[in-house]
Every structure is written in C-alpha cells, then in structure tokens.
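Working notes for the structure below.
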Amino acid sequence: MITVHHLNQSRSRRVLWLLEELKMPYDLVKHQRDATTHLAPDSLKKIHPLAKAPVIVDGAITLCESGAVMEYILNNDPQNRLRPVANTAQYYQYLEWLHFAEGSLSLPVLTTLFMKMEQRSGTQPMDGYIAKEIALDFSYIETTLTNQPFFAGDDFSAADIMMTVMLEIAGTQGMLEARTNINSYLEKMQSRSAYQTALSHG
C-alpha cells in the first residue's frame, strides 16, 4: 500500500485528491510546518532529502515531485482511469497541462507570492517580466476553459488536479479577477467529493 507523506498548507493534497478520486487505499502520514519559519519539519527530511511534499513510499520506491508521483499512481491503477488513452489528441493535451502546472504557470504564480514578501517599487525588470507571463498564461487558460470543460478535453483527468491547486494559489494572489471561466471551473472542481476529502486532511 502507498504511504503518502503530507505536509499541511502544501500542494501535496493533489496526491490525496487523486487517490480519493481513484478510491485507492493509502496510508497517510501528516507533517506540520514549523510555526515560526513555516518550513517543513525534520521529520519530512528523514523520508526524502529534499524535505518537500508530496512524498510517497511504496515498497522500495520513495518518490518526490507532484507530477512524477501522479504518474506513478496512475500507472498503478488497474483500471487506467483519469488519464486519456496514450497517443491520442486528448492524451497530449493532458500531458501539456500536467506539466504546465508546475512548469510555465508555477513561475509567475510563485514568484509573485515571493516578491510580496519584500518591499518593492514594482518597476524592476522582474516585475515587468512576471506581469507579462501572468497575462500570457492566464489568457491561455481562460481561452482553453472557454472551449472545453476540462484541461484534457471533455473528461476530468489528473491534469485537472494538478492545475486546480496552482490556480487556487493564483487566486490568493489576486490573479483571477475577471477570469470568469477559470473561477467557474474552480467552483466545479472544489465541489467534487474527493477534493473535499483531500482538503479535510489540512
């Protein structure tokens, strides 16, 4: 059985959400951030040297990084759910968005979050670059969700799980104002029972 090492206030709830959607049994080990530094505790570093979540342990395999963990779980689903059939147009849409979440999208979202931790004039080169990336990425997402209900097309997939959590972080940074389709999409995702169960773990 897979053991999930979950860190509160982290993107590791993606993994819990996926497992709940698949109704796949798992053991859950919770780790709490340091109340002062907000960093991961030493208990997580004992599981993986990066001390980041999610981390899963399954027999001899210990795996970090959300995308890799999601793919591992999907590879172990005997019913091959939540991922389009390989080498179809939907499959490559799925792959694009699965990686987009932690690739293209995470850069402007997390950089904005980090820049707000310091006083800035807002006129430095980084500010202009990040503003450009935000406009580009969120226009692309909004247009996609105008044309189809989910990121891989007509069906919910693990790419939606990856994207939803990053979009929620963007929302906390005020990036989703006037993004009607993105906000409607998030409401739909957050109403899923598996999402609610994963969220209840903190």
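The values are calculated or read from the model by the stated rules, or taken from the named source; none is laboratory data. Just so it is clear, the structure is predicted and the values come from calculations on it, not from any experiment. Here the Cβ is made from the backbone with ideal geometry for all residues, glycine too, and neighbour counts use every protein chain on show.
Per-structure values
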read-out: Checklist (1) buried (at least 17 other Cβ atoms within 10 Å of the Cβ); (2) in contact with a Ser or Thr (Cβ under 6 Å, 6 or more places away or on another chain); (3) charged (D, E, K, R) applied to residue 52, failing item; value: (2)
read-out: Where residue 175 falls short, out of the listed (1) in contact with a Gly (Cβ under 8 Å, 6 or more places away or on another chain); (2) more than 30 Å from residue 23 (Cβ to Cβ); (3) among the aliphatic types (A, V, I, L, M); value: (1)
read-out: Any chance residue 124 is more than 30 Å from residue 80 (Cα to Cα), modelled with pLDDT under 95 and surrounded by 13 or more Cβ atoms within 10 Å (Cβ to Cβ); value: no
read-out: Strands (runs of 3 or more DSSP E) wholly inside region 1-93 that include at least 3 residues being at negative phi and touching a residue at least 12 places away in the same chain (Cβ under 8 Å); value: 2-7, 26-31, 55-58
read-out: Scope region 145-171; condition over 23 Å from residue 91 (Cα atoms) and either in contact (Cβ under 8 Å) with a residue 24 or more places away in the chain or of a type in the set (Gly, Ala, Ser) (or both); matching residues; value: 169, 170, 171
